[in-house]
Amino acid sequence: MTKVLVVYGSRHGGTRGIAERIGEVLRAERLEVEVAAADQVADVGGVDAFVVGSGVYMGSWLKEAVEFAQRHEAVLAARPLWLFSSGPLPGSTAKKGAEDPLTDALGPEEGPGSGGRKKILEISAATHPLGHRVFLGAFDPSESPRAMSERLVRMMPASRSLLPAGDFRNWDDIEAWAREIATHLAAVAVPA
Ligand SMILES: Cc1cc2nc3c(=O)[nH]c(=O)nc-3n(C[C@H](O)[C@H](O)[C@H](O)COP(=O)(O)O)c2cc1C
């Protein structure tokens, strides 16, 4: 049976929820699936395919997701791999006008604010993912910030418009993408 590892970086649980839903869909498609936090994966031996995603903060993937991808670059490059970023909050004034979803979430490829995007470009160049999807995220202002940078952004007067509250995760989009992954893997199935 094809074994898929779904790995996520998540600060407030939104991306974990997406990873878990992807895992459920893949299981329903009769794949063997493990879903794990990026900093909890010790061993990637025996994994046939990977889905790796992270919540996006200030244009960057969370450190543990970046480090997972960098640490296992050679294995990821040798297996079917899909990436996802979970971030954009609709209506955020910072996001208006971006033409493509990756720019929307991770910022421009060059110039100011391109650091987080560049890291993902490097990882992608080294691992050749079959796709990189951006899913809308979730933000609950009643939860305490978990990082100093988050605390500072939330204190900014503009933070209400920069960070609209709500759960915008689009489960139909997420499930449809997971089914696409399952279809691809069925076509290259590992014999039982
Ligand atoms: C301080 C802060 C900064 C954020 N920066 C970005 C960003 O640069 N790009 C983006 O797409 N989403 C951004 N978001 C939205 C988050 O990515 C979104 O809330 C996501 O669902 C968080 O995932 P998590 O719950 O798994 O941590 C930001 C959210 C917060 C609170």
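What residue, of Leu162, Leu152, is among the hydrophobic types (A, V, I, L, M, F, W, C) and surrounded by 13 or more Cβ atoms within 10 Å (Cβ to Cβ)?
The match here is Leu162.
How many of the residues in the stretch 122-152 are touching a Leu at 6+ places or on another chain (Cβ under 9 Å), modelled with pLDDT under 90 and not in a loop (DSSP other than H, G, I, E, B)?
0
Is there any pair with a first residue in the stretch 176-190 that is assigned to a helix (DSSP H, G or I) and a second that is among the acidic types (Asp, Glu) whose Cβ atoms are under 7 Å apart and which are 6 or more apart or on different chains, and what are they?
Listed pairs, sorted by first residue: Arg179/Glu29; Ala182/Glu29.
Only one of (1) within 25 Å of Gly17 (Cβ to Cβ); (2) part of a loop (DSSP other than H, G, I, E, B) fails for Arg117. Which number is that?
(2)
Residue under question is Leu26, and the condition is that it be open to solvent by less than 10 Å² (accessible area, probe 1.4 Å) and at pLDDT 95 or above; does it hold?
So Leu26 fits the description; yes.
Would you check if Asp140 is in contact with a helix residue (DSSP H, G or I) (Cβ under 9 Å, 6 or more places away or on another chain), within 23 Å of Gly23 (Cβ to Cβ) and within 16 Å of the ligand (Cβ to nearest atom)?
Criteria met by Asp140.
Condition first: within 13 Å of the ligand (Cβ to nearest atom) and either open to solvent by 60 Å² or more (accessible area, probe 1.4 Å) or modelled with pLDDT of 95 or more (or both). Can you find one or more residues in the stretch 38-47 that meet it?
Within the stretch 38-47, one or more residues are within 13 Å of the ligand (Cβ to nearest atom) and either open to solvent by 60 Å² or more (accessible area, probe 1.4 Å) or modelled with pLDDT of 95 or more (or both).
Could you list, in sequence order, the residues of the stretch 48-85 that are open to solvent by less than 10 Å² (accessible area, probe 1.4 Å) and out of contact with any Lys or Arg (no Cβ under 7 Å at 6 or more places or on another chain)?
Val51, Val52, Gly53, Ser54, Ala65, Phe68, Ala69, Leu76, Leu81, Leu83, Ser85
Go through (1) within 22 Å of Glu73 (Cα to Cα); (2) open to solvent by 80 Å² or more (accessible area, probe 1.4 Å) and name the single condition Asp167 misses.
Of (1) within 22 Å of Glu73 (Cα to Cα); (2) open to solvent by 80 Å² or more (accessible area, probe 1.4 Å), only one is false for Asp167: (1).
The values are calculated or read from the model by the stated rules, or taken from the named source; none is laboratory data. Nothing here was measured: the structure is a model prediction, and the numbers come from that model. Neighbour counts are summed over all protein chains in view; Cβ atoms, including those assigned to glycine, are modelled from backbone coordinates with ideal geometry. Each accessible area value is taken on the protein alone, full model and side chains, heavy atoms only, with ligands, DNA and RNA left out. Shrake-Rupley method; radii C 1.70, N 1.55, O 1.52, S 1.80 Å.
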